[in-house]
Amino acid sequence: MIEFQNVQAGRHSIALMKGFSWRIEEGENWVIQGPNGSGKTLLLELLAGKTHPTEGEVRIDFIDGKSWDDRYAQRKRWIHYVPTHAVQSLLKQDQHQYYQQRYYSIGDQQQPTVLDLLGNSIEALNNLNLPEEFSIDHLLSVEVNRLSNGQLKKLLLIKVLLTGVPRLMLFDYPFEGLDQASRLALCRLIDYMMGHHGMQVVIVDQHNELPSRINRRLEIRNFECIAVGAYAGPPDHIIENGAGANPNNAVTERRDTTRASSETSVTDEPVVEVLNLKIQYGDKVILENFNWRVNKGERWALVGRNGAGKTTLFSMIFADHPMAYSQNVYLFGRKRGTGESIWDIKRRISYLGPEQLSYLSPANIHITAHEYLLRTTKHWDASQLSKLTDAFHAESFLNLPVRVLSSGQLQVVLIMQCLLTPCELLLLDEPFQFLDVDRKAALNRVLNSYLDEHKTLILITHYAIDLEQWTNHTKRL
């Protein structure tokens with residue numbers, strides 16, 4: 001049994017939660033839901049002991065040591081917490097790395113493999129008796145920075161389990177960025193650990209499929225409990241596009257869309273053109289004989305399973321990947337490496353990617369979100385900033401330090417930064433991740449007014465509803 005008794009807590013001397021009470025019984029597995037910034041992650045941090053109440057108490061019946069050291073050791077052994085961006089801890093070797101660095105390590109023999117990361121603990125893997133589906137034998141020789149998002153999340157969970165199966169496992173948005181197959185595989189792995197090893201689970205999630213053994217739901221708003229009850233399953237609108245159903249690589253599809261009228265204004269002027277592209281790391285070929293042309297004003301979706309090369313292709317377009325110089329990649333009619341600078345390219349492109357959340361400059365996390373936007377955005381327009389602030393209801397957190405923002409709030413800030421930047425090409429890699437229902441709707445409204453015949457959109461997403469809303473062409477990898 002776990003019980004919150006009139007808990008008050010906050011971050012960085014900012015009181016957020018007051019008089020919060022909640023009870024978790026044995027056999028209960030919970031999903032925590034609520035708007036961005038409502039306190040979901042704070043609850044996990046209180047359960048994990050990463051944050052401590054300033055008033056009240058969090059009682060955990062299996063943490064009963066007599067001394068502080070005893071209780072700390074028990075909590076470390078019996079409670080494991082997987083934060084939102086935990087997979088980046090597997091990629092970053094030191095605090096000075098930047099997100100493009102993974103692309104510049106090609107051929108670097110110093111990059112650790114999965115076996116290097118797991119070390120001697122790999123011998124304990126057999127003791128978990130995992131089904132063959134969850135085997136990582138085929139990944140042991142692969143460099144960690146070459147793993148897909150789904151592979152990284154599986155590796156992270158197995159790495160945690162090799163230190164000992166916990167009594168309580170805490171996940172913060174574990175399914176974001178995963179394709180449907182990877183989401184379902186992660187659900188099955190968590191279900192297996194609950195069913196065969198007696199592990200209880202608490203998951204923060206907004207809308208995704210969840211493990212079948214999740215049976216309780218807590219909804220919070222403004223750090224207060226709004227609803228507690230049985231979990232009834234995911235919303236009916238969660239439908240996957242069937243990624244991978246078409247066996248042909250790089251198939252272009254026509255698609256009816258709510259923005260079909262934009263098709264009439266499309267010109268024959270290429271913005272992106274890729275000819276016979278090959279992406280290869282060592283002996284592993286990720287993509288081969290890939291051809292693609294994006295014309296001005298078109299709306300494209302780039303889809304495929306985790307590890308198919310979508311984000312790598314984005315990195316080439318945004319001038320972050322050195323491989324673009326050796327390939328036939330044309331941007332705005334010019335081949336990469338023919339004299340234009342990186343900054344000549346970047347000033348015409350606005351980019352939003354999931355790794356930006358994990359690689360914020362340490363110098364920027366202590367300033368307010370408003371100061372961050374002004375510091376990192378060139379040629380920003382005050383009226384546009386005001387409109388975006390109103391659209392996303394961001395006035396409640398823009399004056400808070402970046403370091404205290406929730407994942408959803410920080411995603412909103414990065415979206416605002418992206419849309420404040422004048423551009424001709426908009427690259428959005430999983431823009432809807434971490435957003436609550438209201439802010440997803442707000443982003444759709446903002447994009448509807450932002451995009452016109454002069455702007456080209458390329459979107460990466462794993463959800464059919466996004467494809468239907470925003471794209472009239474789909475490129476599969």
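Of all residues in the stretch 45-56, those that are among the acidic types (Asp, Glu) have Cβ atoms under 7 Å from Cβ atoms of residues that are not in a strand (DSSP E or B), 6 or more apart or on another chain, in GLU45/THR51. Within the span defined as the stretch 371-382, one or more residues are among the basic types (Lys, Arg), under 26 Å from VAL271 (Cβ atoms) and at pLDDT below 90. On the stretch given as the stretch 314-333, residues that are of a type in the set (D, E, K, R) and loosely packed, with under 13 Cβ neighbours inside 10 Å total 0. Between GLN88, GLN110, the distinction of being at pLDDT 65 or above and farther than 30 Å from LEU168 by Cβ belongs to GLN110 only. Residue pairs whose Cβ atoms lie under 8 Å apart, separated by 6 or more positions or on different chains, with the first residue in the stretch 389-401 and without any contact (Cβ under 8 Å) to a residue 40 or more places away in the chain and of a type outside the set (A, V, I, L, M) and the second part of a loop (DSSP other than H, G, I, E, B) and surrounded by 17 or more Cβ atoms within 10 Å (Cβ to Cβ), are THR389/LEU398.
Taking SER121, is it assigned to a helix (DSSP H, G or I), surrounded by 16 or more Cβ atoms within 10 Å (Cβ to Cβ) and among the small types (Gly, Ala, Ser)? For SER121, the condition - assigned to a helix (DSSP H, G or I), surrounded by 16 or more Cβ atoms within 10 Å (Cβ to Cβ) and among the small types (Gly, Ala, Ser) - is not met. The lone criterion from (1) at positive phi; (2) surrounded by fewer than 17 Cβ atoms within 10 Å (Cβ to Cβ); (3) of a type outside the set (Asp, Glu); (4) at pLDDT 75 or above left unmet by GLY244 is number (4).
Criterion first (surrounded by 18 or more Cβ atoms within 10 Å (Cβ to Cβ), over 19 Å from ASN448 (Cα atoms) and polar (S, T, N, Q)) does SER396 satisfy it? In short, no. The strands (runs of 3 or more DSSP E) located wholly in the stretch 132-226 that include 3 or more residues which are within 25 Å of VAL114 (Cβ to Cβ) and in contact with a strand residue (DSSP E or B) (Cβ under 8 Å, 6 or more places away or on another chain) occupy 168-172.
Would the stretch 126-133 turn up any residue that is at pLDDT 85 or above, touching a helix residue (DSSP H, G or I) at 6+ places or on another chain (Cβ under 9 Å) and either among the hydrophobic types (A, V, I, L, M, F, W, C) or within 21 Å of GLY307 (Cα to Cα) (or both)? No, the stretch 126-133 has no match at all. Answer yes if at least one residue in the stretch 197-206 is surrounded by fewer than 22 Cβ atoms within 10 Å (Cβ to Cβ), out of contact with any Leu (no Cβ under 8 Å at 6 or more places or on another chain), of a type in the set (Gly, Ala, Ser) and over 23 Å from LYS284 (Cβ atoms), and no otherwise. Yes: the stretch 197-206 contains one or more residues that are surrounded by fewer than 22 Cβ atoms within 10 Å (Cβ to Cβ), out of contact with any Leu (no Cβ under 8 Å at 6 or more places or on another chain), of a type in the set (Gly, Ala, Ser) and over 23 Å from LYS284 (Cβ atoms).
For LEU130, the stated conditions hold: it is surrounded by 17 or more Cβ atoms within 10 Å (Cβ to Cβ) and more than 23 Å from the chain's Cα centre (by Cα).
GLY56 - would you say it is more than 32 Å from the chain's Cα centre (by Cα) and under 26 Å from SER407 (Cβ atoms)? When the stated conditions are applied, GLY56 passes them. Checked against the criterion of being touching a residue at least 60 places away in the same chain (Cβ under 8 Å) and closer than 15 Å to ARG217 by Cα, the stretch 4-20 contains not a single residue that satisfies it. Residues considered: ASP466, ASP438. Of these, the only one that is in contact with a strand residue (DSSP E or B) (Cβ under 8 Å, 6 or more places away or on another chain) and either touching a residue at least 12 places away in the same chain (Cβ under 8 Å) or aliphatic (A, V, I, L, M) (or both) is ASP466. Among residues of the stretch 267-282 that are outside any strand (DSSP E or B), those with a beta-carbon under 8 Å from a residue that is at pLDDT 90 or above and surrounded by 16 or more Cβ atoms within 10 Å (Cβ to Cβ) at least six positions away or on a different chain give the pairs THR267/ASN295; THR267/LYS296; THR267/GLY297; ASP268/ASN295; GLU269/ASN295; GLU269/LYS296. Of all positions in the stretch 292-313, at least one carries a residue that is surrounded by 15 or more Cβ atoms within 10 Å (Cβ to Cβ), touching a Phe, Trp or Tyr at 6+ places or on another chain (Cβ under 8 Å) and of a type in the set (Lys, Arg).
The values are calculated or read from the model by the stated rules, or taken from the named source; none is laboratory data. Fair warning: this is a prediction, and the values are worked out from it, not measured in the lab. Quick reminder, even Gly has a Cβ in these numbers, built from the backbone with ideal geometry, and neighbours come from all protein chains shown.
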